[in-house]
Amino acid sequence: MKFKSPDQIALVIAIAGSMIAGVAVFFFLNIEKYNVFLTTTFIAVLVFIVVFLVSRITVKRFIISKINPIYKTIYNLNIKDEEIIDDIGNRDMVSTIQNDVLIWARKKTKEIDRLRELEKYRKEFLGNVSHELKTPIFNIQGYISTLLEGGLDDPEINIEYLKRADKSLNRLISIVNDLESISKLESGELKLNFQKTNIVSIVAESFEIHEAIAKEKNITLKFSRKFDKPLMVIADPKLILEAINNLIANSIKYGRENGATTVNFIDIGEHLLVEIQDNGIGIAEHDLPRIFERFYRADKSRSRDMGGTGLGLSIVKHVLEAHNQTINVSSKLDEGSMFSFTLKKA
Ligand code: ADP
């Protein structure tokens, strides 16, 4: 027989007890004939009630004393035995416990997986950060040492080495700034300032910021057509400008001499699709799924040469996720790339 609760066990004991008591009264006590059924029934019922109540409490206490440590462990609680009796005493105890332990075990497994993942990420991230910082720091150290050891008086190298040290310092600053942005975005500490934002003027501002650097490669920054009316979206203007800056900067970094970066807006119902297209070096198909990962570079030497940190696209992805939007890329090696993302229209 499978008992589901202390009440069922108590019931069986009480029935057995009352039957034994009834039989004992019937056969062994000398009761006058007309009283025998009444007395037997009365004693059997009495024994039933007393045995039921006593065994119910005893069985419950026994089971609870065994499962209480489990409950206290899985819920990390300091519950009194009586509270557990109240809580599960009247339900299907065994299934309840099985269920609770199963739920607890699943939760713990998930938690352990998440912690393992975080630990792996932390190790990788620290390794990547120190690797990224090492190169510019050692470069600066090298240039300064050479200058201190007499290079300062050598007109052939003094200005050149100072310029190189300055370039490495700028690189360090970019890495630290990008790390700051990414850690703020990932920790969720950044409070987004959503407001009606004219996306056309944000892109125009980004064009202005990148005008000089685009000129160095004679790259034209343009809209696909004239957008004379504002296109209003709901966005955090500062963060969206940062994302667009990263995309425009990449289109120049990985663009060709005399090329062009074209921005287009397409109305798609509740959202506006923003497309940023270049005719630069493009991205190989096998690199495409990974370019949004932190520190991933498809073209490593060019990225480093151009001051890339490998964090730009990761920041862009985080910014868009914070807006509940996604970013897509399509690209062909040697032909160019197009990054597109949506924003909610205001
Ligand atoms: P980085 O600082 O190296 O530019 P990103 O995260 O911005 O880092 O980009 C990741 C990689 O994706 C880059 O190293 C580059 O290889 C590739 N990439 C990004 N944008 C473009 C683009 N417009 N054209 C070609 N390759 C690109």
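The values are calculated or read from the model by the stated rules, or taken from the named source; none is laboratory data. Bear in mind that the values here come from a model prediction, so they are computed numbers and not experimental data. Positions of Cβ are backbone-derived with ideal geometry, glycine not excepted, and every protein chain shown enters the neighbour counts. Quick note on the areas: whole protein, heavy atoms, side chains included, nothing else; ligands and nucleic acids left out. Shrake-Rupley method; radii C 1.70, N 1.55, O 1.52, S 1.80 Å.
Could you please find all residues in the stretch 271-285 being more than 7 Å from the ligand (Cβ to nearest atom) and of a type in the set (A, V, I, L, M, F, W, C)?
Result: 272, 273, 274, 276, 284.
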Quick count over the stretch 303-346, residues being in a loop (DSSP other than H, G, I, E, B), without any contact (Cβ under 8 Å) to a residue 60 or more places away in the chain and either more than 27 Å from the chain's Cα centre (by Cα) or within 7 Å of the ligand (Cβ to nearest atom) (or both), is 5
Could you check, for the stretch 99-121, whether at least one of its residues is in a helix (DSSP H, G or I) and touching a Ser or Thr at 6+ places or on another chain (Cβ under 8 Å)? no
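Name the single residue, out of those in the stretch 240-260 being of a type outside the set (Asp, Glu) and part of a loop (DSSP other than H, G, I, E, B), that is surrounded by the most Cβ atoms within 10 Å (Cβ to Cβ). Let's see the steps before the verdict.
Going through the stretch 240-260, the residues of a type outside the set (Asp, Glu) turn out to be 240-241, 243-256, 258-260.
Right, trim to part of a loop (DSSP other than H, G, I, E, B) and you get 254-256, 258-259.
Numbers: 254: 22, 255: 24, 256: 15, 258: 10, 259: 19.
Going through the qualifying residues, I end up with 255.
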The conditions are (1) open to solvent by 50 Å² or more (accessible area, probe 1.4 Å); (2) part of a helix (DSSP H, G or I), and residue 22 fails exactly one of them. Which is it? (1)
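Yes or no: the stretch 221-239 includes at least one residue that is within 15 Å of the ligand (Cβ to nearest atom) and either open to solvent by 40 Å² or more (accessible area, probe 1.4 Å) or among the charged types (D, E, K, R) (or both). Full working, then the answer.
Just the residues of the stretch 221-239 that are within 15 Å of the ligand (Cβ to nearest atom), to begin with: 221.
Now drop any that are not either open to solvent by 40 Å² or more (accessible area, probe 1.4 Å) or among the charged types (D, E, K, R) (or both), which leaves none.
No, every residue in the stretch 221-239 fails to be within 15 Å of the ligand (Cβ to nearest atom) and either open to solvent by 40 Å² or more (accessible area, probe 1.4 Å) or among the charged types (D, E, K, R) (or both).
Does residue 331 fit the bill of being open to solvent by 20 Å² or more (accessible area, probe 1.4 Å) and of a type in the set (Ser, Thr, Tyr)?
yes
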Please name all residue pairs, on different chains or six or more residues apart, with Cβ atoms under 7 Å, provided the first residue is in the stretch 146-174 and is touching a residue at least 60 places away in the same chain (Cβ under 8 Å) and the second residue is in a helix (DSSP H, G or I). 171/136
Residues that are closer than 19 Å to residue 183 by Cα and either more than 7 Å from the ligand (Cβ to nearest atom) or open to solvent by 20 Å² or more (accessible area, probe 1.4 Å) (or both), drawn from the stretch 286-302: 292, 293, 294, 295, 296
Give 248, 266 a once-over and let me know the one that is under 23 Å from residue 201 (Cβ atoms) and touching a residue at least 24 places away in the same chain (Cβ under 8 Å). 248
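Do we find that residue 267 is within 26 Å of residue 179 (Cβ to Cβ), more than 9 Å from the ligand (Cβ to nearest atom), exposed (fewer than 13 other Cβ atoms within 10 Å of the Cβ) and not small (Gly, Ala, Ser) in this structure?
Values: within 26 Å of residue 179 (Cβ to Cβ): no; more than 9 Å from the ligand (Cβ to nearest atom): yes; exposed (fewer than 13 other Cβ atoms within 10 Å of the Cβ): yes; not small (Gly, Ala, Ser): yes.
For residue 267, the condition - within 26 Å of residue 179 (Cβ to Cβ), more than 9 Å from the ligand (Cβ to nearest atom), exposed (fewer than 13 other Cβ atoms within 10 Å of the Cβ) and not small (Gly, Ala, Ser) - is not met.
Taking the condition of being polar (S, T, N, Q), open to solvent by less than 30 Å² (accessible area, probe 1.4 Å) and in a helix (DSSP H, G or I), how many residues in the stretch 174-219 meet it?
Of all residues in the stretch 174-219, those polar (S, T, N, Q) come to 174, 177, 181, 183, 187, 193, 195, 197-198, 201, 206, 218.
Checking the rest, the ones that are also open to solvent by less than 30 Å² (accessible area, probe 1.4 Å) come to 181, 197, 206.
After this cut, where a residue has to be in a helix (DSSP H, G or I) as well, the list is 181, 206.
Final tally of qualifying residues: 2.
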